[in-house]
Amino acid sequence: MIDKTFMYTSLFAALFTTLALKFLQMFSFINWSPIGWTDKWYQVSSYHYSIKWTLLFIGLFIIFAILYILSSFMGKIPPSLSAIIIGVIGVIIVEWFISEPKSIIDVFKTISYPFLATIAITLRFITGTATFMRKV
């Protein structure tokens, strides 16, 4: 299960997501900074922005590696369906922590749809690859 495909899939998913987040931030598709979480950590807040982006990349790599392993066990569920469900839940959780809305309806008003699409594409790539490699 843990082979070259696992590593490459997690690596390219993390790279794509990191670059996509930078693109979304640069063109104001998201109203928050992807590396804004580092301001809350005293040790990391003074680091150079490239180190913060590298830490984000490493965190995404670990998250996507775990999702790859979990997705490989969901062989009976179509990859598109599981990617959409995991993506929507993940984006709602991220937006909930970032914007701190008062109700769930406020979360849907603040969701960035380009961010949702980016996460859905990435998760479809991960779940599709994991499911295919499990069947081979």
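The values are calculated or read from the model by the stated rules, or taken from the named source; none is laboratory data. All of these numbers come straight from a predicted model, not from anything done at the bench. For neighbour counting, all protein chains shown are included, and Cβ atoms are generated from backbone atoms with ideal geometry for every residue, glycine included. Please note that ligands, DNA and RNA were not included when accessible areas were found on the heavy atoms of the full protein model with its side chains. Shrake-Rupley method; radii C 1.70, N 1.55, O 1.52, S 1.80 Å.
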Note to self: Condition first: assigned to a helix (DSSP H, G or I), closer than 23 Å to Leu19 by Cβ and without any contact (Cβ under 8 Å) to a residue 40 or more places away in the chain. Now tell me which residues in segment 93-120 satisfy that.
What the structure shows: Ile93, Val94, Glu95, Phe97, Tyr113, Leu116, Ala117, Ala120
Note to self: Please go through segment 15-47 and give me each residue that is within 20 Å of Glu95 (Cβ to Cβ), out of contact with any Ser or Thr (no Cβ under 8 Å at 6 or more places or on another chain) and part of a helix (DSSP H, G or I), ordered by number.
What the structure shows: Thr18, Lys22, Phe23, Met26, Gly36, Trp37, Lys40
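Looking at this structure, is Gly75 under 19 Å from Ala14 (Cα atoms) and either in contact with a helix residue (DSSP H, G or I) (Cβ under 8 Å, 6 or more places away or on another chain) or open to solvent by less than 30 Å² (accessible area, probe 1.4 Å) (or both)?
Against the criterion (under 19 Å from Ala14 (Cα atoms) and either in contact with a helix residue (DSSP H, G or I) (Cβ under 8 Å, 6 or more places away or on another chain) or open to solvent by less than 30 Å² (accessible area, probe 1.4 Å) (or both)), Gly75 does not qualify.
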Next item on the list: Quick one: Ile85 ticks every box in (1) open to solvent by less than 20 Å² (accessible area, probe 1.4 Å); (2) out of contact with any Phe, Trp or Tyr (no Cβ under 8 Å at 6 or more places or on another chain); (3) of a type in the set (Val, Ile, Thr) except a single one, so which number is it?
Entry: (1)
Next item on the list: Taking Gly87 as the residue in question, decide whether it is modelled with pLDDT of 95 or more and part of a helix (DSSP H, G or I).
Entry: no
Notebook entry, point to check: Where residues in segment 42-51 are among the aromatic types (Phe, Trp, Tyr) and over 20 Å from the mean Cα position of the chain (by Cα), which of them is surrounded by the fewest Cβ atoms within 10 Å (Cβ to Cβ)?
Noted result: Tyr42
Check: Any residue at all in segment 30-41 that is of a type in the set (A, V, I, L, M, F, W, C), under 30 Å from Lys135 (Cβ atoms) and surrounded by 12 or more Cβ atoms within 10 Å (Cβ to Cβ)?
Finding: no
Checklist line | Sole residue being open to solvent by less than 50 Å² (accessible area, probe 1.4 Å) and over 12 Å from Ile126 (Cβ atoms), chosen from Thr5, Thr54, Thr18 | finding: Thr18
